[in-house]
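These notes concern the structure reproduced below.
Read-outs throughout are calculated quantities, based only on the coordinates presented, and are distinct from any laboratory measurement. Here the structure is a predicted model, which is why all the values come from computation and not from measurement. Every residue, glycine among them, receives a Cβ derived from its backbone with ideal geometry; neighbour counts consider all protein chains shown.
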Amino acid sequence: MRQRPLSPHLDIYRFAYTMATSIAHRITGVILTAGFGVLIYWLVAAASSAESYAAAQAIIGSTPVKLLLVGWLLAFCYHLFNGLRHLNWDLGRGLERHEARRSARIVIIATVVLFALLAARAFASGVMS
Amino acid sequence: MSLQSPLGRVIGRGSAKQGVSHFWVQRVTAIALIPLTLWFALRVTGLPDYEHETVRAWIATGWHPVWLILLIGTLAWHSALGVQVVLEDYVHEKGIKVAALVTSTFLHVLAVVAGTYAVLRVAFTFTAG
């Protein structure tokens, strides 16, 4: 077959960290969908019976699932701030290269700050005990 | 019966404004999720503990059921649209793609119905004791 020109794709672009923030938006979105399932399971267990809630607590409170929840919290903070960045782009603002780089840095700093705040609150509530 | 072609019937009538519905709903739900998810994250991490009684009391408090049901519905809608795009982009085999899209839709609807029912059940049956 004749080699037809392809539109540029990931194999062709030189890596730039604004690319990483874009890919991370999708990855964190998928992680958050999985976390949404945990949220529904938690609510259904709370509505069902003391026994089913105890079972859910044992599962959600287990170390591997707790670690996943910490990851989920981080994914939430990132997706929230990077989502705001996308909404700003949708208004046609901040699309210049230097602006996109600056907003990527702001997103990462804001993510770390909100994550630290929420994680500290969760620890204080004993969720991680 | 009209002898006009389908194209002839629509020409000159302008857009039905449906073409950007996926894009638009993704943004509208994103905006709604900013206050809803922040409210949820701050409240849940602020609970004194995660015992059954505490969680049920929190769900049933005041207008919390309204915010929780809005959160569940909006989150599911935003998540369903996001997962749809990811599946369409990365699953290339037609049969598997359709099966995955249908499964995702079913799971998202199930999550909304189960989550809403759980919140209402707690709201209507909780009595402090």
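For the reader, a short list of remarks on this structure follows.
- A:Ala54 being within 11 Å of chain B (Cβ to nearest Cβ) and farther than 22 Å from B:Val83 by Cβ: yes
- Within the stretch A:47-76, the only residue that satisfies the criterion of being farther than 17 Å from B:Thr45 by Cα, surrounded by 17 or more Cβ atoms within 10 Å (Cβ to Cβ) and under 25 Å from the mean Cα position of the chain (by Cα) is A:Ala56.
- Applying the set (1) touching a residue at least 40 places away in the same chain (Cβ under 8 Å); (2) more than 17 Å from B:Ser79 (Cβ to Cβ); (3) buried (at least 19 other Cβ atoms within 10 Å of the Cβ) to A:Arg101 leaves exactly one unmet item: (3).
- The set of residues in the stretch B:14-38 being within 27 Å of B:Ala80 (Cα to Cα) and out of contact with any Leu (no Cβ under 8 Å at 6 or more places or on another chain) consists of B:Ser15, B:Ala16, B:Lys17, B:Gln18, B:Gly19, B:Val20, B:Ser21, B:Phe23, B:Trp24, B:Val28, B:Pro35.
- Considering the stretch B:72-129, and only residues there that are acidic (Asp, Glu) and part of a helix (DSSP H, G or I), the residue that is surrounded by the most Cβ atoms within 10 Å (Cβ to Cβ) turns out to be B:Glu88.
- Condition met for A:Leu117 (farther than 20 Å from A:Gly29 by Cβ, exposed (fewer than 14 other Cβ atoms within 10 Å of the Cβ) and among the hydrophobic types (A, V, I, L, M, F, W, C)): no
- Restricting attention to the stretch B:36-58, the residues being farther than 15 Å from B:Ile72 by Cβ and part of a helix (DSSP H, G or I) number 10.
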